[in-house]
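Quick notes on the structure that follows.
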Amino acid sequence: MRQKPEIPRSQIEAIDKIGQTGIINWLQASGIKTHKKSDFEWKQHSFLLQPLTDWTPTLVFRKPTQIGVSTTAILKMLYKACLSPLAIIYTLPTTPEQRKFVSARIDPIIENSWYLREKLRPEGVLQADSTELKRIGDSSIYFKGSYVSHIAQVVDADILINDEYDFSKQEVLEDYEERLEGASSLGWHWAFSVPSVPNFGISKLFENSCQYYWFIRCSRCNHLQTLDFFQNVDLVKKRYICAKCKNELREEDRAKGAWVAKYPDRSIHGYQFSHLMCPWISAERIIEKREKARNEKHFFNYTLGLPYEPKGSSLADSDFWKLVGDYEEIKFGKDTIFGIDQGDVFHVAIGKLEPDKESNAYKKKIVALKIVDTKEKLLDLFKSYGMNFGLMDLLPNKHTAKELRDKLKGRLYLAHYQTTLSLKEDFDICKWDVANRSVTINRSESLDSLFKSLYDKKWEFPRLAIHFKSVVEHFKNLKAEYVVKYGRNLKVYRNTGPDHFAHAINLLNIALEKIKSRQSSVSKLKELRDVKHLNQRLVSKINGSREIIDSLVSKNLQSESRYGSENINADEVRYGPALSEERLWLKHIFKNADEAFLPDLIQQAHSQGYLTDKATEVLLYSVKTGYISNKQLAKYRLCLIEK
């Protein structure tokens, strides 16, 4: 049992009496400190004062991370518990998170305050001062997870506090809300969370509230405004600016503000928070957060405190008809890219990249949509359309997929979907495995990207295509929904019917993006046309490259030995990339290139006159013998660039 100091009862009662005048006076009188033992500071956090003193029964806080809202809720909870006999339930997404939260955030605040220590009245050894139940004065505070429904049925409550609302199981939260239905219950409900998507969770609650926004005034032009990343952040000079006069906003401008309700007559009070409101966070830091964010959604949710849904997550029939071009399907072709969804039959989307006349970007052009029922017919399609590269899903017929991959010798990669729920590695859309000619794809992220590209009209379909109506139907059969797993709100696509062409086009989209990155590497070669001294070096030195290679054999052997190469002999190195010019090409051509495309890139350089026949032979032989492929490529590239 904790040893308690002898504090006169009258002193406790005096602070309670001061507390009747308001929470700010109560905090000052009781000397309560943060969990880090520092005093509460309001000058930099002036936007928290109104939420702290707002006693509207239903409060909603839509927020980013680390802005002080959880601490505000804790103070409000302790204040009410100390002054009135109440039953309070505080929830987090999972029980382990709830226990860590109590130990790290609640317990230190109590331990650092003699007043709160005196208010703590244990009911028993294990329950009154635990991570699940605390008895403060005559009040009981229950800390619960929100993942298992039966936990919500234990006690009734006067105040329900839901922390991380979007990451909790929504049906369990509904069960908790029923705990407020007692005849004597205050019926107060406070919810706050980092948002996820529109019209869900905390965002849905906020949309039904009065919608308080934090407004500041520009000291130069007197314009009243709420900060918006796209209006108030100068991306070039990395500073905050006024949306009207475009002058820099001073730190003191952002430190002072007022909450203004969009719908003041609504009974639910909702507050919108953002890191832009924080005077201690610079515009440069905000820009850095956006650049480092894994995607746009993460930046919107965790920095701006806003929900985010990629455009085009669902498309109407009319959206697809707008993509139909003024051309028909072709029966033969060359240098095409394939996306293949396999099952009982093969659904095939065949496409190409073509420059968009209206912009500097590429348009993804579908040239044919096919359904074939045998691998022999699929091989005929590859031949008829001059397949250059393609993706096919690995499942369900692994044997057939691997047989086709091996037969096509590097032109066909096998794709394996991982759902958001089962994703073992943290990557954005896909992860390529060149050695095994495979790619692992984040199913939800890749479909998000595909839907957005369709919405942005980056695709074109042939008119009068026999299977076009099936394409539209298959896309409409993919429905996005959100599920909560392990305290995370995750987006998944469910199929409500056949969706084969949608996945074939998704694989085609990933393949085209890979080809586009390859063409970006090739474009670097074209830029070198204007670099005269490089051309001069190529003309003067690359001819007779065999003699130069011979003279560099011993030097190259020494370089290689530093990187752990084994079994290297002079004859092998003689045909390795030893020329300084070839090092130059390795640096420019291979830096961002996929190993599977190295021979193609070397031939491109040769056909455009950058490499002599002998230099081309040397490089191609190097790829063939493994010096610039797979694991050897990384350390050999390092050696060459360093030289």
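One table, with the values for the structure above:
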| item | result |
| --- | --- |
| Residue in the range 68-83 that is surrounded by the fewest Cβ atoms within 10 Å (Cβ to Cβ), counting only those that are β-branched (Val, Ile, Thr) and without any contact (Cβ under 8 Å) to a residue 60 or more places away in the chain | Thr71 |
| Subset of the range 289-309 that is touching a Phe, Trp or Tyr at 6+ places or on another chain (Cβ under 7 Å) and modelled with pLDDT under 90 - its residue that is least open to solvent (accessible area, probe 1.4 Å) | Ala293 |
| Complete set of residues in the range 453-462 that are charged (D, E, K, R) and open to solvent by less than 90 Å² (accessible area, probe 1.4 Å) | Asp456, Glu460 |
| Condition check for Phe320: within 19 Å of Ile466 (Cα to Cα), over 26 Å from the mean Cα position of the chain (by Cα) and either assigned to a helix (DSSP H, G or I) or free of Cβ contacts under 8 Å to residues at least 24 places away in the same chain (or both) | yes |
| Selection from the range 32-57 of residues that are touching a Phe, Trp or Tyr at 6+ places or on another chain (Cβ under 9 Å), open to solvent by 40 Å² or more (accessible area, probe 1.4 Å) and either in contact (Cβ under 8 Å) with a residue 40 or more places away in the chain or small (Gly, Ala, Ser) (or both) | Lys33, Gln44, Gln50, Pro57 |
| Number of the exception - Gly325 against (1) at pLDDT 90 or above; (2) open to solvent by 60 Å² or more (accessible area, probe 1.4 Å); (3) small (Gly, Ala, Ser) | (2) |
| Residue within the range 487-495 that is at pLDDT 90 or above, among the aromatic types (Phe, Trp, Tyr) and crowded, with 20+ Cβ neighbours inside 10 Å present | no |
| Cross-chain or 6+ apart pairs with Cβ under 6 Å, the range 177-196 first and more than 16 Å from Asp166 (Cβ to Cβ) and part of a loop (DSSP other than H, G, I, E, B), then open to solvent by 60 Å² or more (accessible area, probe 1.4 Å) and not aromatic (Phe, Trp, Tyr) | Gly182/Asp156 |
| Matching residues, the range 224-247, being of a type in the set (A, V, I, L, M, F, W, C) and under 25 Å from the mean Cα position of the chain (by Cα) | Leu227, Phe229, Phe230, Val233, Leu235, Val236 |
| Residue list for the range 84-93, filter: buried (at least 19 other Cβ atoms within 10 Å of the Cβ) and not aromatic (Phe, Trp, Tyr) | Leu86, Ala87, Ile88, Ile89, Thr91, Leu92, Pro93 |
| Sole residue being modelled with pLDDT under 95, in a strand (DSSP E or B), under 19 Å from Ser318 (Cβ atoms) and open to solvent by 20 Å² or more (accessible area, probe 1.4 Å), chosen from Lys479, Lys469 | Lys479 |
| Whichever residue in the range 291-317 is within 18 Å of Trp459 (Cα to Cα) and touching a residue at least 12 places away in the same chain (Cβ under 8 Å) and, among such residues, is nearest to the chain's Cα centre (by Cα) | Pro310 |
| Whichever residue in the range 264-285 is out of contact with any strand residue (DSSP E or B) (no Cβ under 6 Å at 6 or more places or on another chain), in a helix (DSSP H, G or I) and open to solvent by less than 60 Å² (accessible area, probe 1.4 Å) and, among such residues, is nearest to Glu164 (Cα to Cα) | His275 |
| Considering residues of the range 166-176 that are in contact (Cβ under 8 Å) with a residue 40 or more places away in the chain and over 19 Å from Ile88 (Cβ atoms) only, the residue surrounded by the fewest Cβ atoms within 10 Å (Cβ to Cβ) | Gln170 |
| Any hit, the range 208-229, residues being without any contact (Cβ under 8 Å) to a residue 12 or more places away in the chain, surrounded by fewer than 21 Cβ atoms within 10 Å (Cβ to Cβ) and not basic (Lys, Arg) | yes |
| Single condition Lys256 does not satisfy, out of (1) in contact (Cβ under 8 Å) with a residue 40 or more places away in the chain; (2) under 30 Å from Ala73 (Cβ atoms); (3) buried (at least 17 other Cβ atoms within 10 Å of the Cβ) | (3) |
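The values are calculated or read from the model by the stated rules, or taken from the named source; none is laboratory data. Because the structure is predicted, anything quoted here is derived from the model rather than measured. Note that we place each Cβ from the backbone using ideal geometry, even for glycine, and neighbour counts take in every protein chain shown. Each accessible area value is taken on the protein alone, full model and side chains, heavy atoms only, with ligands, DNA and RNA left out. Shrake-Rupley method; radii C 1.70, N 1.55, O 1.52, S 1.80 Å.
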